[in-house]
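Structure, as structure tokens:
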Amino acid sequence: MRDEQQYRYAASHYLHVWLTFDREIHDSFVMHGPTEVPLGNLLTRYYAIRTLRGVKTIGLTPIVRALKSAIASRTIDPVALVNDVNQRIYSVYADRNCISAVSKALWMIFRHPIAIYDNRASDGLRAMGRHFKHGDYSIFYESWNNYFNQQSTKEKISLACEWLVQSSFAANLERHGVANSEEIRLWADSDWFRNRVLDFRLMQAGTDPLHPADVALFLGPDA
């Protein structure tokens, strides 16, 4: 599949994920702050619950408290936020690095410029020629942010998002009352949406190969 199609798939796939899952979690966190039930749903959906060793016994209260402290700190530095919350819960969950779970939760609160740490996205960055130590969020974020702000990357994401707004997938969403064209345009133009388009593109480049049926579903005849 051409790189152009890969980015188009990432954009349409993330729009689907936003509408079917992420939007509800984000809205819950914004309205009520992080709480255990939506946090548990988030970490289960994104396979990050397993990084919290002993969570079945300990529960999610420690990470909820750490997230609330992060919100109260009013810090906007992504690396500082992720590392601070990770440090607060590190010893609670058996001295386990929890940056995958932490970055996913913080993204749902702050969205961009948080970058989600995911093994598949990390593998994707490495496949793109970036090299960094596994589990080091500071180096991962520097690599991710540099790639996100690279002119060629920005152009590819921008073209994919422009295509998305005019795609048959977006038209079908509007036809069925799921989202209107103005909403889709607003999302597609935002940094937080484009942040996740890159995230999904990197997962494709890493260890998440595309199935032809998924490609057909999201790209349709427009590709």
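The values are calculated or read from the model by the stated rules, or taken from the named source; none is laboratory data. What you are looking at is a predicted structure, and each value in this text was computed from that prediction instead of being measured. FYI the Cβ positions are ideal-geometry reconstructions off the backbone, even for glycines, and counts take in every protein chain you see.
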- Filtering segment 108-148 down to residues that are among the aliphatic types (A, V, I, L, M) and farther than 23 Å from residue 90 by Cβ, which residue is modelled with the lowest pLDDT? 128
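Show me the helices (runs of 4 or more DSSP H) entirely contained within segment 116-192 in which 1 or more residues are farther than 24 Å from residue 23 by Cβ.
119-127, 137-149, 151-165
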- Task: Look through 37, 102 and report the one residue that is β-branched (Val, Ile, Thr) and free of Cβ contacts under 8 Å to residues at least 12 places away in the same chain.
- Result: 37
- Can you tell me which residues in segment 116-142 are within 22 Å of residue 87 (Cα to Cα) and surrounded by fewer than 20 Cβ atoms within 10 Å (Cβ to Cβ)? 119, 132, 133, 134, 135, 136, 138, 139, 142
- Could you please give the count of residues in segment 46-58 that are farther than 10 Å from residue 92 by Cβ and not hydroxyl-bearing (Ser, Thr, Tyr)? 4
- Read through the list (1) without any contact (Cβ under 8 Å) to a residue 24 or more places away in the chain; (2) touching a Leu at 6+ places or on another chain (Cβ under 7 Å); (3) among the hydroxyl-bearing types (Ser, Thr, Tyr); (4) within 22 Å of residue 45 (Cα to Cα), then give the number of the only condition that residue 143 fails. (4)
- Task: Scan (1) at pLDDT below 95; (2) closer than 23 Å to residue 118 by Cα for the single condition residue 191 breaks and write down its number.
- Result: (1)
- Taking only pairs six or more apart or across chains, which ones have beta-carbon atoms under 6 Å, a first residue in segment 1-19 that is touching a residue at least 40 places away in the same chain (Cβ under 8 Å) and under 13 Å from residue 163 (Cα atoms), and a second residue that is surrounded by 24 or more Cβ atoms within 10 Å (Cβ to Cβ) and hydroxyl-bearing (Ser, Thr, Tyr)? none
